[in-house]
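What follows is a set of notes on a single structure, which appears directly below.
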Amino acid sequence: MELQLHASMGSILRAGNSIVLTHSSSSVPFCTYAMPDASRGRNTNRSTHKIPPLRKGNHPKLKLDNQNKNAPIPDLIALCEEGNLDQVLELMGRGAVADYRVYLALLNLCDNTRRLESGKRFHEFLRRSTFREDVELNNRLIGMYSKCGSVKDARQVFDQMCHRSIASWHLMIGGYTANGLGRDGLLVFQLMKQARVPPDGETFELVLAACAQAEAVEEGFLHFESMQEYGILPSMEHYLEVINILGNAGQLNEAEKFIEKIPIELGVEAWKSLLNFAQIHGELDLEDHAEELLTCLDPSKAIADKLPTPPRKKQSDINMLEEKNRLTEYRYSVQYKETHEKLGGLSGQMREAGYVPDTRYVLHDIDEEEKEKALQYHSERLAIAYGLISTPPRTTLRIIKNLRICGDCHSAIKIMSKIVGRELIVRDNKRFHHFRDGKCSCGDYW
Amino acid sequence: MMALSKVTYFTHLRAVVNPGRYPPSTVSLRLLSFSSPEEAAAERRRRKRQLRMEPPLSALNRNQTAPKPQSTPYYLNPNNPKLPEHVSALTGNRLNLHNRILTLIRENDLDEAALYTRHSIYSNCRPTIFTINAVLTALLRQSRYSDLLSLHRFITQAGVVPNIITHNLVFQTYLDCRKPDTALEHYKQFLNDAPMNPSPTTYHILIKGLVDNNKLERAMEIKAEMDSRGFAPDPLVYHYLMLGHARVSDGDGVLSLYEQLRDSLGDVVEDGVVFGCLMKGYFIKGMEKEAMECYQEALVKKKMSAVGYNSVLDALSKNGRFDEALKLFDRMMKEHEPPKKLSVNLGSFNVIVDGYCGEGRFKEAMQVFRKMGEYRCSPDTLSFNNLIERLCDNGMLVEAEEVCGEMEGKGVSPDEFTYGLLMDACFRENRADDAAGYFRKMVDSGLRPNLAVYNRLVEGLVKVGKIDEAKDFFELMVKKLKMDVASYQFMMKVLSDAGRLDGMIQIVDTLLDDGGVDFDEEFQEFVKGELRKEGREEELTKLMEEKERLKAEAKAKEAEAAEAAKRSARAAVASLLPSKLFGSKETDSESKPEGETQALNQEESTNATVPEAEFAEKRAETEGDGTSDQVTTA
């Protein structure tokens, strides 16, 4: 292992670009941080000699770097293996030259630690190294970025690659999917087809996963069927991905039908995923069916203390029970445009429960609507709204207020307490009000 | 494409600046400055994505009328309908909540499950739409429609975005409640507003529900719509539609549907599900030979599911080929290999039991019925009712009671219909006491018989001279039922005929308190006529005057209380503020009536469902064949 310390380059660069320009006039490669390793057979000591001696004195840091030169040369690989990411990056920042293996090791480290900052720094080093066009390293970089949750950076790396292997495409599609951007993954696949890269089985696995993420059922089936055009026989993984697509989109019946049609033996996995989706979507009967099949295939999967499914009930004719089954018909009107603040959301339900804003308590001379709005922002209501969103269900909220509670708030909170199913204890400057189940302990007299 | 062209640009630049060398750092810095066109490209790509994104159907419609430039991502535009949550939202605390709710559902504590879901909406752990769907599904399984709708209303008001499953559940609910028009209205709204496409299951639900609600035409329209949306022809949908045509004895309709399916599938129909209905179609047209050929073909070549088998079974047994049906049933039971292959289900047993009964072979019917458990089918209330009805109709009351006694052991509880059947049968057998006993049992077990059942009971009791008991039941039920004029008059007439005018006046008393029935001139005349027999007609006027006085008193008291409340409120406000601000009485008087009208509206909406009762009543009578059809296809 050959290691070089390029004294002062780091500091010089920091000082300004002028020096670099002098460099470029000579035949020194621009990239001075990471010198090509021995295998490429370059003389690596050159750069140290080329530092204009004149500048040395001006730079306090140079001394340190010179000292380092004499100090035992740290073994970057060893440091990488120790997992000392920061130290390696620091050393490289000071000009330590890393070879290919170090880059690989570093990438692995960044990958594992999932620290975007280190990753970005590393990317900076890589960009200036001779390996910047290395496909494998770039691929890893894409993987690292998407693992760190920064698909934008990953895409940038991807776009800047001169040569891409199929793995690059895979990583990009997979990266988008992993970050919840299945649609973008599918677009990358589109690009891939345009670039005439022949997709393979793994590509389709990833594409189907992207469809599953995007809940794009039809598109998923199109891709699934197009596999034949490329002469790829769907494997178990593909079938499972299709099940995922259907399951994610909530089409459980279709998923079940699909499983029954699959020509190859899927075994436990398919039913397991169907079971999982049935649980997610709350389909009791399908869940039981899948579980039965599962235990049939693999008896060890049986759950011992499973609760029996409550029986289905079907009323022979519902109207024997007029009152019990009184249907409150209502018009389907979703107010999408409404901001869904807690108070905004609650107000619809409160009005339904019979709440009518009592605008007598608004003393400003504004129109009726404004008055109702003003009532909504009384401090106790804001406090309750905050309390609601920050505590688990059914916990009691205690609110202290140093003014007397207004009549409208009192009735509003009474209704609220019933809707949210909590005890709301509000103290004003006179007394405590315990609101529970739509009633107040003060008996509306305070 | 952008990406590729950008890379070539880069290499070109390098060549210009420094041929044969690594580009100097200035280029590298410029490289960084590329990030803005890069970003622009990303933006363009995103925009492209927007365009290519499976547009919600509604968006398509909207774009036709007014094409809007979409420059912002979908989720950033507040005018776009919100998308439902993705499965990946179900993690951490929300997953814990989901599992907790699932456990509650398994424990059959649906009230708590629904309530906890509601309460969680306003907390730091909002339930996902999946959790809500699980509760809604469980409610639907138990036919708790009103609870389902109220929870659904609650969550939509709270701004939880429903997904396709939620919509499907709502459609299913309305169709199950025999409100197909409401279901269709919702469906229309869904197509217009929701940012998602219907799934094949949506169509299954709609078409099956519409067929069951005798809305065949609408079902055909929905099917046409399904075709126009590019859904693959679905044998199950055709099965439902053919069944609908078969029910109205439209043989040609059945056959043309089958042809349509065969053409669109390329001449071979693999799925055996449609063949039962096809046979029915042939039978209707009197083409027995074709029907049996079709039967043979289905058995040999086609992939049969339980639903498919059942409809074949039904076609055979309803068309005088019960022996053949029994043979098929044997085969089905042999093929039945749960859980891998399910070829028998509850519907098969229902058809066979019904068939045996139709043949008059009641012993065997009961035997088959009892064998159900061996094939892991458990009879539900509907199949019990079916058998009990058949037995009662054929004068086998003892057997019927025996079967009814088995219900509890199977974990099925009798419902109003069961008790009604037994009650009627008992009256027919002159066992009035037992009939009354069944009625009382029904009331005691928390069931709510309707007015018709009550009328039959009272009539029956009076017929055998048990006036006292009839009166007891009247007193029991008058609080629970909305008695109509006829029921009141019947009871009064009975009492007055028996010479018990005091009892009758007592009824007038409760009638006046009731308020649900209009005590109009005609009615008063009737009462007076009865009283006149003993010359006590003035007692009615006396009673009515007395009532009026009491009512007026109560009203005055109420008004006084309201006034007092108002006064105290005003005092409370007045104490808070200087007088001039609280001058206007107008706001006061305006806000009041508003509240009242709202309350009235609510009242109205709850009453709106009452006429529905009559419809169901009719349905209950035809329950016999309705039952088997319904379960067969289930």
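The values are calculated or read from the model by the stated rules, or taken from the named source; none is laboratory data. As the structure is a prediction and not an experimental result, all values here were calculated from the model. No Cβ is skipped: glycine too gets one built from the backbone with ideal geometry, and neighbour counts run over all protein chains shown.
Filter the range B:468-511 down to residues that are of a type outside the set (A, V, I, L, M) and not in a helix (DSSP H, G or I) and give me whichever is farthest from B:Met442 (Cα to Cα).
Among residues in the range B:468-511 that are of a type outside the set (A, V, I, L, M) and not in a helix (DSSP H, G or I), the one farthest from B:Met442 (Cα to Cα) is B:Gly499.
In the list B:Gly503, B:Gly499, which residue meets the criterion of being on the phi > 0 side of the Ramachandran plot and modelled with pLDDT of 80 or more?
Of B:Gly503, B:Gly499, the one residue that is on the phi > 0 side of the Ramachandran plot and modelled with pLDDT of 80 or more is B:Gly499.
Would you mind listing the helices (runs of 4 or more DSSP H) fully within the range A:231-301 where at least 2 residues are more than 17 Å from B:Pro339 (Cβ to Cβ) and without any contact (Cβ under 8 Å) to a residue 40 or more places away in the chain?
Hits in the range A:231-301: A:236-248, A:252-261, A:268-281.
Please pick out the residue among B:Leu511, B:Leu461, B:Leu422 that is modelled with pLDDT of 85 or more, more than 18 Å from B:Glu401 (Cβ to Cβ) and buried (at least 17 other Cβ atoms within 10 Å of the Cβ).
Within the list B:Leu511, B:Leu461, B:Leu422, the selection yields B:Leu461.
Keeping to the range B:121-134, report how many residues are more than 7 Å from chain A (Cβ to nearest Cβ) and part of a helix (DSSP H, G or I).
Residues meeting the conditions: 4.
Looking at A:Ile400, A:Ile389, A:Ile366, which one is surrounded by fewer than 20 Cβ atoms within 10 Å (Cβ to Cβ), more than 39 Å from the chain's Cα centre (by Cα) and of a type in the set (A, V, I, L, M, F, W, C)?
Exactly one of A:Ile400, A:Ile389, A:Ile366 is surrounded by fewer than 20 Cβ atoms within 10 Å (Cβ to Cβ), more than 39 Å from the chain's Cα centre (by Cα) and of a type in the set (A, V, I, L, M, F, W, C), namely A:Ile366.
Could you grab me the full set of residues in the range B:237-270 that are in contact (Cβ under 8 Å) with a residue 60 or more places away in the chain and of a type outside the set (Lys, Arg)?
Correct list: B:His239, B:Tyr240, B:Leu243.
Exactly one of (1) surrounded by fewer than 15 Cβ atoms within 10 Å (Cβ to Cβ); (2) facing chain A (nearest Cβ under 9 Å); (3) at pLDDT below 90 is unmet by B:Pro81. Its number?
For B:Pro81, the exception is condition (1).
Can you find a residue that is charged (D, E, K, R) and at the interface with chain B (Cβ under 8 Å from one of its Cβ atoms) anywhere in the range A:383-396?
Yes, the range A:383-396 contains at least one residue that is charged (D, E, K, R) and at the interface with chain B (Cβ under 8 Å from one of its Cβ atoms).
One residue is enough: does the range A:106-123 have a residue meeting the conditions surrounded by fewer than 22 Cβ atoms within 10 Å (Cβ to Cβ) and over 26 Å from the mean Cα position of the chain (by Cα)?
no
Is it true that B:Asn385 is out of contact with any Lys or Arg (no Cβ under 7 Å at 6 or more places or on another chain), buried (at least 23 other Cβ atoms within 10 Å of the Cβ) and touching a residue at least 60 places away in the same chain (Cβ under 8 Å)?
yes
Could you please find all residues in the range B:377-427 being over 16 Å from B:Leu447 (Cα atoms) and not in a helix (DSSP H, G or I)?
Once the filter is applied, which keeps residues that are over 16 Å from B:Leu447 (Cα atoms) and not in a helix (DSSP H, G or I), the range B:377-427 yields B:Cys377, B:Ser378, B:Pro379, B:Asp380, B:Asn394, B:Gly395, B:Met396, B:Lys410, B:Gly411.
Quick one: in the range B:213-240, of everything that is under 25 Å from B:Ala291 (Cα atoms) and either more than 20 Å from the chain's Cα centre (by Cα) or charged (D, E, K, R) (or both), which residue is surrounded by the most Cβ atoms within 10 Å (Cβ to Cβ)?
Applying the filter and picking the extreme gives B:His239.
Got a number for residues in the range B:135-150 being within 7 Å of chain A (Cβ to nearest Cβ) and surrounded by fewer than 24 Cβ atoms within 10 Å (Cβ to Cβ)?
Residues that pass the stated criteria total 8.
Working only within the range A:350-382, note down all residues that are closer than 30 Å to B:Leu151 by Cβ, at the interface with chain B (Cβ under 9 Å from one of its Cβ atoms) and touching a residue at least 24 places away in the same chain (Cβ under 8 Å).
Correct list: A:Gly354, A:Pro357, A:Asp358.
Scanning the range B:169-200 for residues that are facing chain A (nearest Cβ under 8 Å) and of a type in the set (Ser, Thr, Tyr), which turns out farthest from the chain's Cα centre (by Cα)?
Filtering the range B:169-200 for residues that are facing chain A (nearest Cβ under 8 Å) and of a type in the set (Ser, Thr, Tyr), the one farthest from the chain's Cα centre (by Cα) comes out as B:Ser199.
Please go through (1) closer than 21 Å to A:Glu254 by Cβ; (2) assigned to a helix (DSSP H, G or I) for B:Pro195 and return the number of the only condition it doesn't satisfy.
Among (1) closer than 21 Å to A:Glu254 by Cβ; (2) assigned to a helix (DSSP H, G or I), the lone unmet condition for B:Pro195 is (2).
A quick yes/no check of all residues on (1) modelled with pLDDT under 90; (2) more than 12 Å from the chain's Cα centre (by Cα); (3) within 11 Å of chain B (Cβ to nearest Cβ):
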position	(1), (2), (3)
A:Ser150	yes, no, no
A:Ala154	no, yes, no
A:Asp159	no, yes, yes
A:Cys162	yes, yes, yes
A:Ser165	no, yes, no
A:Leu171	no, yes, no
A:Gly185	no, yes, yes
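Mind checking which residues of the range A:380-419 are touching a Phe, Trp or Tyr at 6+ places or on another chain (Cβ under 8 Å), hydroxyl-bearing (Ser, Thr, Tyr) and within 20 Å of B:Ile155 (Cα to Cα)?
A:Ser417
Does B:Phe322 fit the bill of being of a type outside the set (Lys, Arg), more than 29 Å from the chain's Cα centre (by Cα) and crowded, with 21+ Cβ neighbours inside 10 Å?
Criteria not met by B:Phe322.
Sort out which residues of the range A:420-439 are away from chain B (no Cβ under 13 Å), outside any strand (DSSP E or B) and either closer than 16 Å to A:Cys406 by Cα or among the β-branched types (Val, Ile, Thr) (or both), and write them in order of number.
A:Arg431
Confirm whether A:Leu321 is at pLDDT below 75 and closer than 20 Å to B:Leu149 by Cβ.
Criteria met by A:Leu321.
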